[in-house]
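Data block below; observations after.
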Amino acid sequence: MDRFLIESPHEPGECRKIVKNVYAMGYLYNFDWGCKGGVHKAWVTIEAESESQALWVVPPSLRNRATATKIMKFEPKMVEEWKEE
Ligand SMILES: [Zn+2]
């Protein structure tokens, strides 16, 4: 399984509707929201088999606007090996 960062934008007037949808889907605490900071986007990291499977976490009405980016962490050992470059 890979890890994906989902970014899901919505319109300023949609917040409550979207949050209710996410709550109904059981993912309320998985998402972080930018609404109170004036950025109407939600973010969640999720483990999934593929980009399209990762997007299932997003309510259907927002799915075509959402993006899934495969993310990873660099291990210290990997970074240390770059010293020769
Ligand atoms: Zn919002």
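The values are calculated or read from the model by the stated rules, or taken from the named source; none is laboratory data. Note that the structure is predicted; figures quoted are calculated from it, not measured. In this analysis, Cβ positions are derived from the backbone assuming ideal geometry, glycine residues included, and neighbour counts consider all displayed protein chains. Note: areas computed on protein heavy atoms with side chains; ligands, DNA, RNA excluded. Shrake-Rupley method; radii C 1.70, N 1.55, O 1.52, S 1.80 Å.
Side notes on the structure shown:
- Looking only at the range 55-70, residues that are β-branched (Val, Ile, Thr), within 14 Å of residue 10 (Cβ to Cβ) and away from the ligand (no atom under 16 Å from the Cβ) come to 1 in all.
Okay, residues lined up against (1) of a type in the set (S, T, N, Q); (2) within 15 Å of the ligand (Cβ to nearest atom); (3) at positive phi; (4) open to solvent by 70 Å² or more (accessible area, probe 1.4 Å):
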position: 7; (1), (2), (3), (4): no, yes, no, no
position: 14; (1), (2), (3), (4): no, yes, no, no
position: 24; (1), (2), (3), (4): no, no, no, yes
position: 31; (1), (2), (3), (4): no, yes, no, no
position: 36; (1), (2), (3), (4): no, yes, no, yes
position: 45; (1), (2), (3), (4): yes, no, no, yes
position: 53; (1), (2), (3), (4): yes, no, no, no
position: 75; (1), (2), (3), (4): no, no, no, yes
position: 81; (1), (2), (3), (4): no, no, no, yes
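- Across the range 58-85, the number of residues qualifying as hydroxyl-bearing (Ser, Thr, Tyr) and touching a residue at least 60 places away in the same chain (Cβ under 8 Å) comes to 2.
- Extreme residue, surrounded by the fewest Cβ atoms within 10 Å (Cβ to Cβ), among residues of the range 55-73 that are over 14 Å from the mean Cα position of the chain (by Cα) and closer than 22 Å to residue 28 by Cβ: 60
- Of all residue pairs spaced 6 or more apart or on separate chains, those with beta-carbon atoms under 6 Å, a first member in the range 1-20 that is closer than 25 Å to residue 47 by Cβ and a second member that is part of a strand (DSSP E or B) and open to solvent by less than 60 Å² (accessible area, probe 1.4 Å) are 3/71; 4/46; 4/48; 4/68; 5/71; 6/44; 6/68; 8/42.
- Residue match in the range 19-40 (condition: of a type in the set (Asp, Glu) and over 13 Å from the mean Cα position of the chain (by Cα)): no
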